[in-house]
Structures are given as C-alpha cells and as structure tokens.
Amino acid sequence: MAKVIAIANQKGGVGKTTTAVNLAASMAATKRKVLLIDLDPQGNATMGSGVDKYGDVATIYDLLIEEQAIDDVICKETSGEYHLIAANGDVTAAEVKLMELFAREVRLRNAIELIQDKYEFIFIDCPPSLNMLTVNAMAAADSILVPMQCEYYALEGLTALMDTITQLAKLVNPELQIEGILRTMYDPRNRLANDVSEQLKQHFGDKVYRTVIPRNVRLAEAPSFGAPAMYYDRASSGAKAYLALAGEMLRRKEKQSAAVA
C-alpha cells in the first residue's frame, strides 16, 4: 500500500510545490511508483510536471466534484516519470462545491483507497491555505511533510500549522502525524537561518530532515521549462538535494518497517 504524504504549509512561498515536484521525480528515479496529486488551483505542480493546465486535461475537480473514476483522471505522461492528477483554475470552484456535498472531508481519501496498492508513494501538493481541499488532503494522508524557510515568521507559522494539524487529526484523521520538517531555501551563511535551524532540531529532534534544500537558481528556473530540476540540470545542487532527501526518506521508511517487524 502506498504511503500517502501531504506536503503542506499555511505560509506561501516556502518551496512547497518545488518540493512536491522534485521529491516525486526523485522517488520515481529510484524506480518507485509515484503519484503526485495537485490540489492547488494555481496548478503550478501540474505545469512543473510538463502538463498543460490550460489544455484538455482531467483534473482533481473531475474526481472530487464530477465523481469521475480516479483511473480516468490520472495523467501517466509527465516530465518527471511519475503519474499526476492535475489541477487548474477550475479547482477554485471545488472549494465551494465541496461544502454542499455529503462526506465532503473524505472524498479524496475514498478515491485514493481504490488505487493505493498501485503505488509506493502518493504525494499531495496542498494549497497554501486552510480550506476544504486541505482538509481532504489531511484526511487522506498518513503523514505531513512540512517545508519551511529558516526565518522568524516561518517559525511562528509552523506553530500555527502544528495546532491546525492537531485539531484536524481529532476531527478527520486520528492517525495523522508529522512525516518530517524540511528546511528549504537554506543559506548556511545566514546567521538567523542557522539559529532557527538549531531551534527546529531542539524542538522537533529527528523529525527535522538532515537533508537541507539550498537556495538554487536551477530549482527556480526548472518550472518554466516544465520539468523537475533533475531533468533540467541533474548536476545542480537543488537536484542533488532532492535526490538526497528521497534517499533519507527511504532509509527512514525501511527503519520503521524493520522496527514494526
């Protein structure tokens, strides 16, 4: 069964979509079967995967609102070698229409359960706000990966996010937990970044990934070419960092499986 990981942070501009696309591509490069679900109406993960959000493409709207079969909305041709459920501006309407539907919080979870045995990882790129789409992601996920910049306001935002996760876990998903905290756009020359990084490690311990994602122009350029960084410039520090993150996550997963066994 696939491990379902929501990539979420209520603060925008922290590298959430960059993480979703590049982590999905890095996992796929290790020969894992990966599905990326774009839940953000901006559709940036869709475009970054080489899929035209303005074209004739089925989206998460068709799945959640039109109740189209999940197999029919999965796009199997992406630039990152993973499968994708796309998003575009139509998904904005889904936020409103979900409020009128029965079992609105678990529609995504119910759909994913039908194909969960076909993948090893399912990543969900969440919107940068707490709405019914994000609630669906939290209800469907086994865990949450939190990308964040090492700056003061991000630390405050993380506290708010943890409170939100705690409340949602009580309401829709008692099994929900933190998968890990990923430091993004990291500059080791920045004293504040180092201070915040130390605070994170003191407070969250081994939940903070050892891998850090550096500030890297190639990561910023890759989406405009419709490709993850590893297919745009494999030698870039950003591409190497996400490959390292995939390796670290796989080792953690193996360690957890061994502990359970």
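Points worth noting:
- Rounded to the nearest 20 debye, dipole of the chain from Cβ charges on Lys, Arg, Asp, Glu: 1120
- Neighbour cut-off at most 13 other Cβ (10 Å), DSSP loop, trypsin sites (Lys or Arg not before Pro), the stretch 194-261: Arg234
- Ordering of 47-56, 150-159 by packing is 47-56, 150-159, highest average first (other Cβ atoms within 10 Å, averaged per residue).
- Among Asp125, Asp142, Asp206: highest mean-square fluctuation, GNM of the chain, C-alpha pairs under 10 Å: Asp206
- Loop-located GluC sites (Glu not before Pro) in the stretch 58-132 (DSSP state not H, G, I, E or B) with no more than 15 neighbouring Cβ atoms inside 10 Å: Glu66, Glu67, Glu77, Glu100, Glu113.
- Inter-probe distance in nm under a simple model that places probes 7 Å from Cα toward Cβ, at Lys31 and Thr92: 4.5
- Within the set [x] 119; [y] 139; [z] 157, the number that volume of the Cα convex hull per residue in Å³ takes when calculated for this structure is listed as [x].
- DSSP bridge pairs, the stretch 3-260: antiparallel proportion in percent, nearest 5: 5
- Of the accessible area of the chain, computed with a 1.4 Å probe over protein heavy atoms only, carbon and sulfur atoms account for 50 percent.
- Span from the the stretch 24-43 Cα centroid across to the the stretch 157-176 one, whole angstrom: 23
- Tensor-based shape of the stretch 119-261 (alpha-carbon gyration tensor, a/c under 1.5 rounded, otherwise prolate or oblate): rounded
- Heavy-atom accessible area per residue - the chain, 1.4 Å, Å²: 46
- Restricting the trypsin sites (Lys or Arg not before Pro) of the stretch 131-200 to loop positions (DSSP other than H, G, I, E, B) with no more than 12 neighbouring Cβ atoms within 10 Å leaves Arg189.
- In straight-distance terms, cross-link reach from Lys207 covers every one of the lysines whose alpha-carbon lies under 18 Å from its own, apart from those fewer than eight places away in the same chain; here that gives Lys3, Lys16, Lys253, Lys255.
The values are calculated or read from the model by the stated rules, or taken from the named source; none is laboratory data. Please read all numbers here as calculations on a predicted model, not as lab measurements. With ideal geometry, Cβ positions are generated from the backbone for all residues, glycine too; neighbour counts draw on all protein chains shown. To get the accessible areas, we keep the full protein, side chains included, count just its heavy atoms, and leave off ligands, DNA and RNA. Shrake-Rupley method; radii C 1.70, N 1.55, O 1.52, S 1.80 Å.
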